[in-house]
Structures are given as C-alpha cells and as structure tokens.
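The values are calculated or read from the model by the stated rules, or taken from the named source; none is laboratory data. All values derive from a computational prediction rather than experimental measurement. Cβ atoms come from the backbone with ideal geometry, glycine included; neighbour counts cover every protein chain shown.
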Amino acid sequence: MTWVGLIVALVGALGYALGAALQQYEAVAAGASLKLVRRPRWWIGGVIGFAGACLHAVALSFAPLVAVQPISVATLVFAVPLAAFLYGRRPYRAEIIGSIAVAVGLLWLMLLVPQHNVTPRLSDGAALGFLAVIGLIVLVTQLIATRVHGPARALLLAVGAGVVTASVSTFVRVVGGGMQGDWGRLLHWFTVAVPVLLVCAVVLLQRSYAVGYFGIAYAGVQVIDPITSVLAGSILLGEPLPANPSTAIPAILASALTIGGTITLGRLAPDHSRPATVEAKPTPHPVSASSDVS
C-alpha cells in the first residue's frame, strides 16, 4: 500500500506544481489581494492545486509522512520551467541548476529517513502545542518580512507558508492514517482544523508568490514543508528518524546541496511583467546579491 501512496503523491505533486505556477503568475500581476478572486486563471490554478492537495491527502492515508513528503520535492524541477513558460521565456540555466540542486539535495535527505509505517496517534495537548509553535513561526517570519525586500522577503513568507502546509499534512496523516476503516473517527476537531489551516496556507502562499521570485518562493515551501512534516512525524507521531552515524556525512552533503540551490534561486531577478500587456518585456536574469529588487 505504500507504493500506492507514493504513486498517488507523485500525480498530486505534479498538479500542485502546475497550479502554483498559474497562481503565481496572477499574484504577481494583481498582488496578494482580493483582486485575485476576479481572475479566472487564478481560480483554475487553485482548482488544479487543490486537486493535487487532495491526492496528497489520499496518499497520506496509504503511506507515512516520511515516505510521501519527499515526492512533492521532485516537482520543483517542473514548476520553475512552467512558471517561465507562462512569462513567454525559457528557464535560465541558473533556474534549472538551482531547482535540480534543491530537489536532489532534499530528496537525498529524505531518503536517509527510514520508512516504517506506524499508526499515527496525536493527543489534543500535543496538537495544540504543535499549532502554537507553527503560529509563532508564522508570526515571526511575517514580522521580519515587513522589514526586508526581494528574495529574502519571498523566502521568509515561503517559510511561513511551508510550516502551515506541513501542519495540514500532519493533521491529514493523523486523521486519514488513524481511521482504519472507522469513519466515525472523522468526527474530531482535527478534521475541522485541516481546511482552516489550508486556507491560511493558501493566503501565505499568495503573499510569497506576489513578490515575484517564484523559484525561491516555491523552493522555500518545498524545503520547509517536508522537513517540518518529517520532524512532526518523528516527534509527535513516533515515526523513526535515521540514527545511524554513517548517515551524518551524506546528510551534511545533501544539506549543502539544498542550501546552494536555494541561494542560486535567490540570486535571480523577479518576474513582474506580463507578456500580454507589454511589448518589450524584461526577463529575469541572474543578478548579484547587492541588486535587491523588491
């Protein structure tokens, strides 16, 4: 059943990548505001992304967090070219290299996590404590984001979105994996928390996308989401983490690869123009760290 979950997760992740690219294109044009609800393309992206998220939820019912979450990382190499295509340009070499580096590095890290399916159990007290930590992280990142610009702002907002998305995955795992054929277990406040957290994640994602740095925003979410989910799965749900000392060096190398790819994506200029409304469209290109564009 674990393989079923992995296949479903892959299909859902591809849909999520396409939906994210569509929504970012509209968020850059309209900003992270209520104007987005009047844009059909944003709704189409939302529907596709929601379908991907639903498939992700189904996958979590068949496989543990530590097995499902890494699958979404691979979509980074598809999402960035899709976003470039929407702007009528080819993806730059730095985008491709950065995306592949982040995806490979994070997948490498996730593969070091042992896969062992355990029935998830989460007490009310632990769940509330988990939500309090998530809320604190979101608050801190949002406050700092108001004081910075450019890729740093996009990344901070993405961190907030990533931890909330991870909380959605954690509660879905608890609800779906803990059902065991008993639909009555759905009658719990955990089930209500899922859509509320999902709405919060969507709002935070749009704020991150609107900055214009799709690569760094999407990569930030894809890095923070699985890492937070794996930690939650280990600390709260009893899912195992690697304990073999021989994994330390591979973990360091994988982390360095992920960080290097993220930095590469963060050095790209933002997409702000729409090809349908301008004749001469400036396109993103690698820039130095000193030329910060908000």
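Does any residue of segment 246-259 turn out to be under 30 Å from Ala132 (Cα atoms), without any contact (Cβ under 8 Å) to a residue 12 or more places away in the chain, loosely packed, with under 15 Cβ neighbours inside 10 Å and of a type outside the set (Gly, Ala, Ser)? Yes; the residues of segment 246-259 include at least one that is under 30 Å from Ala132 (Cα atoms), without any contact (Cβ under 8 Å) to a residue 12 or more places away in the chain, loosely packed, with under 15 Cβ neighbours inside 10 Å and of a type outside the set (Gly, Ala, Ser). Among the residues of segment 81-103, count how many are part of a helix (DSSP H, G or I) and among the basic types (Lys, Arg). Residues in segment 81-103 being part of a helix (DSSP H, G or I) and among the basic types (Lys, Arg): 1 in total. Give Ala243, Ala269 a once-over and let me know the one that is surrounded by fewer than 16 Cβ atoms within 10 Å (Cβ to Cβ) and either of a type in the set (A, V, I, L, M) or at pLDDT 65 or above (or both). The unique qualifying residue is Ala243.
In this entry, Ser72 passes the filter for residues that are within 16 Å of Ala166 (Cα to Cα), polar (S, T, N, Q) and either buried (at least 20 other Cβ atoms within 10 Å of the Cβ) or at pLDDT 85 or above (or both).
Here's the yes/no breakdown for (1) over 16 Å from Leu198 (Cα atoms); (2) modelled with pLDDT of 85 or more; (3) within 15 Å of the chain's Cα centre (by Cα):
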| residue | (1), (2), (3) |
| --- | --- |
| Gly135 | no, yes, no |
| Arg147 | yes, yes, no |
| Pro151 | yes, yes, no |
| Leu157 | no, yes, yes |
| Ala161 | no, yes, yes |
| Ser169 | no, no, yes |
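With respect to Ser294, is the statement that it is part of a helix (DSSP H, G or I), of a type outside the set (A, V, I, L, M) and modelled with pLDDT under 80 true? Considered against the rule, which asks whether it is part of a helix (DSSP H, G or I), of a type outside the set (A, V, I, L, M) and modelled with pLDDT under 80, Ser294 comes out as no.
Name the residues in segment 1-38 that are farther than 12 Å from Ile71 by Cβ and surrounded by fewer than 18 Cβ atoms within 10 Å (Cβ to Cβ), would you? Those that are farther than 12 Å from Ile71 by Cβ and surrounded by fewer than 18 Cβ atoms within 10 Å (Cβ to Cβ): Met1, Val4, Ala30, Gly31, Ser33, Leu34, Lys35, Val37, Arg38. For the criterion of being of a type outside the set (Val, Ile, Thr), modelled with pLDDT of 90 or more and in a helix (DSSP H, G or I), Leu198 fails.
For the subset of segment 1-55 comprising residues that are among the charged types (D, E, K, R) and part of a helix (DSSP H, G or I), which member is nearest to Ala103 (Cα to Cα)?
Looking only at segment 1-55, we keep the residues that are among the charged types (D, E, K, R), and these are 26, 35, 38-39, 41.
Retained after the next criterion (residues that are part of a helix (DSSP H, G or I)): 26, 35, 38, 41.
Values: Glu26: 25, Lys35: 33, Arg38: 34, Arg41: 27 Å.
Result: Glu26.
Could you tell me whether segment 272-291 includes any residue that is of a type outside the set (A, V, I, L, M, F, W, C) and modelled with pLDDT of 80 or more?
no
Before we move on, is Leu34 closer than 27 Å to Ser229 by Cα and either at pLDDT 85 or above or not basic (Lys, Arg) (or both)? No. Of the residues in segment 66-74, at least one is outside any helix (DSSP H, G or I), touching a residue at least 60 places away in the same chain (Cβ under 8 Å) and within 20 Å of Gly105 (Cβ to Cβ). Residues satisfying the criterion are present in segment 9-30 (criterion: at pLDDT below 80 and over 26 Å from Thr258 (Cα atoms)).
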